[in-house]
Amino acid sequence: MRTLIGLVLALIASVACTSNENGEAGAADVILTGTVTEIGGHGNAYTNLENAAFGRAAIRVGEKIRVVFNGTPVVLTVGMNYSDVPDGENVAVLHREGTVVFAIFNGDFHASYGVTPGTEFTITPVPVE
């Protein structure tokens, strides 16, 4: 029975992951999901997505990601601080409390995109051109 379960899990993993010509999983294949948990005083969207998920997905600080809320795609730059992007730009902050925060540097993410607590989202990397 254990062998059968192991084979099924291996099959699921091989179907779920695509690879490039070198057999390595590509960043564009990665999808992360989460939920907005609260809106902060400046309109920042706090989430339940752990910072560590970005590392496991090979998404690095400075890279762009596509976040889809209710069918609307939004491009953000991954940063350690809100000021890692120019004034008025979107940023996915790897917050010191351990979860990702979506924000607009000197702006209001909630007012701009209408996200509220309970809003679910998906994340994919933006391909490098």
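The values are calculated or read from the model by the stated rules, or taken from the named source; none is laboratory data. As the structure is a computational prediction, the values presented were derived from the model and not from experiment. Neighbour counts are summed over all protein chains in view; Cβ atoms, including those assigned to glycine, are modelled from backbone coordinates with ideal geometry.
Could we say that THR35 is surrounded by fewer than 19 Cβ atoms within 10 Å (Cβ to Cβ), within 12 Å of the chain's Cα centre (by Cα), at pLDDT 95 or above and of a type outside the set (A, V, I, L, M) here?
Working: surrounded by fewer than 19 Cβ atoms within 10 Å (Cβ to Cβ): yes; within 12 Å of the chain's Cα centre (by Cα): yes; at pLDDT 95 or above: yes; of a type outside the set (A, V, I, L, M): yes.
Judged against the criteria, THR35 is a match.
Among residues of the stretch 118-129 that are closer than 18 Å to GLU50 by Cβ, those with a beta-carbon under 7 Å from a residue that is in a loop (DSSP other than H, G, I, E, B) at least six positions away or on a different chain give the pairs THR119/ASN70; THR122/ILE31; ILE123/ILE31; THR124/VAL30; THR124/ILE31; PRO125/VAL30; PRO125/ILE59; PRO125/GLU63. For beta carbons closer than 7 Å, sequence separation of 6+ or different chains, a first residue in the stretch 67-93 that is in a loop (DSSP other than H, G, I, E, B) and a second that is buried (at least 17 other Cβ atoms within 10 Å of the Cβ) and of a type in the set (Ser, Thr, Tyr), the qualifying pairs are ASN70/THR119; VAL85/THR77; GLU89/THR77.
Take THR116 and decide whether it is in the same structural domain as LEU49 (by TED's automatic domain parsing) and within 12 Å of the chain's Cα centre (by Cα). When the stated conditions are applied, THR116 does not pass them.
For (1) in contact with a strand residue (DSSP E or B) (Cβ under 9 Å, 6 or more places away or on another chain); (2) buried (at least 19 other Cβ atoms within 10 Å of the Cβ); (3) not hydrophobic (A, V, I, L, M, F, W, C), each residue gets a yes or a no:
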| position | (1), (2), (3) |
| --- | --- |
| LEU49 | yes, yes, no |
| VAL75 | yes, no, no |
| PRO86 | no, no, yes |
| ASN90 | yes, yes, yes |
| GLU97 | yes, no, yes |
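Of all residues in the stretch 101-126, those satisfying the criterion of being in a loop (DSSP other than H, G, I, E, B) and in contact with a Gly (Cβ under 9 Å, 6 or more places away or on another chain) are PHE105, ASN106, GLY107, ASP108.
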